[in-house]
Amino acid sequence: DVKVTQSSRYLVKRTGEKVFLECVQDMDHENMFWYRQDPGLGLRLIYFSYDVKMKEKGDIPEGYSVSREKKERFSLILESASTNQTSMYLCASSFEGGLLGNEKLFFGSGTQLSVL
Amino acid sequence: AQSVSQHNHHVILSEAASLELGCNYSYGGTVNLFWYVQYPGQHLQLLLKYFSGDPLVKGIKGFEAEFIKSKFSFNLRKPSVQWSDTAEYFCAVTAFGNTDKLIFGTGTRLQVFP
């Protein structure tokens, strides 16, 4: 089975802190994604990457950045955390070379981030 | 802009009741359509998908969905729900030639009581 592992299940940070959320997948997938999940808003795409060192903005990239130095690892960075970034963050991966075609995503268990 | 609407935010059913969750999308071109499910405390997983061919697709655990192009809909159905179907259900769409990204709906929370 594909495994997408997010380093922390729960995280509590203070306003202004720099936050790193890590995600690792073990199936050599090209595509990796970061979503945030909020009640009533569903999943919203923050950033995605379809290759090492490549990144593309999703629908809500403001306040976030990403890093993909290795194929299996995709990091989400909050440069200066704010309270409105309190959310559940989901990492996902898929095995197509591009974004077309089979968009079956494999999700991690999520990181619940609270910014105080 | 491409969007996905799930009009039922919270559905409460008794076991053995029939289920239909609505999903509509706003794009006139070629689409791929998905339903994902998130059981309590678990990660999101694919329930079923439509790419082409028979518009009635069958997924895991007795779920099915019908793609009706003229109505821009992809409703999820199950004839008889079980308590274990309690979960949050997300419809998602990839619109080719538009954003080419997977866009999720806001989700429907289903509660099934014994």
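The values are calculated or read from the model by the stated rules, or taken from the named source; none is laboratory data. Since the model is a prediction, treat every value here as computed from it, not as a measurement. With ideal geometry, Cβ positions are generated from the backbone for all residues, glycine too; neighbour counts draw on all protein chains shown. We work out accessible area using only protein heavy atoms, side chains counted, and drop any ligands, DNA or RNA first. Shrake-Rupley method; radii C 1.70, N 1.55, O 1.52, S 1.80 Å.
Remarks
- Of the listed residues B:SER52, A:SER93, the order by accessible area with a 1.4 Å probe, largest first, is B:SER52, A:SER93.
- For the stretch A:4-115, fraction of C-alpha pairs farther apart than 16 Å, in %: 54 percent
- Note on B:102-112: average number of Cβ atoms from other chains within 10 Å of each residue's Cβ is 4.
- Cα-based reach from A:LYS3 at 17 Å (exclusive), listing aspartates and glutamates while leaving out same-chain residues under 8 positions away: A:GLU22, A:ASP26, A:ASP28, A:GLU30, A:GLU72, A:GLU96, A:GLU103
- Inter-chain neighbour count for B:38-44: the average number of beta-carbon atoms from partner chains within 10 Å of each residue's beta-carbon is 4.
- Summing Cβ point charges (Lys, Arg +1; Asp, Glu -1) relative to the Cα centre of the stretch A:4-115 gives a dipole of roughly 320 debye.
- Each of B:SER70 and B:SER5 was given a label point 7 Å from its Cα along the Cα-to-Cβ line. The distance between the two points is 1.9 nm.
- Chains A and B, summed buried accessible surface - 1.4 Å probe, Å², nearest 100: 1600 Å²
- Note that chain A presents 48 Å² accessible area per residue, ligands and nucleic acids not counted, probe 1.4 Å.
- Rolling a 1.4 Å probe over the heavy atoms of the protein chains gives chain B an accessible area of 46 Å² per residue.
- Each part reduced to its alpha carbon centroid, the stretch A:11-76 and the stretch B:1-76 end up 25 Å apart.
- Pairwise Lys count, the stretch A:36-116 - Cα closer than 13 Å, eight or more residues apart or different chains: 4
- For B:29-37, mean number of other protein chain Cβ atoms within 10 Å: 2
- Note on the stretch A:21-116: with neighbouring protein chains present and a 1.4 Å probe, carbon and sulfur make up 53 percent of its accessible heavy-atom surface.
- If you take all other residues with their beta carbon under 12 Å from the beta carbon of A:SER49, and give Lys and Arg +1 and Asp and Glu -1, the sum is +2.
- Charges were assigned to the Cβ only: +1 to each Lys and Arg, -1 to each Asp and Glu. The resulting dipole of the stretch B:4-113 about its Cα centre is roughly 120 debye.
- Accessible heavy-atom area order of A:HIS29, B:HIS9, highest first, probe of 1.4 Å: B:HIS9, A:HIS29
- Charge sum, other residues only, whose C-beta stays under 10 Å from A:TYR64's C-beta, Lys/Arg counted +1 and Asp/Glu -1: 0
- Across chain A, Cα pairs under 8 Å and at least six residues apart give a relative contact order of 36 percent.
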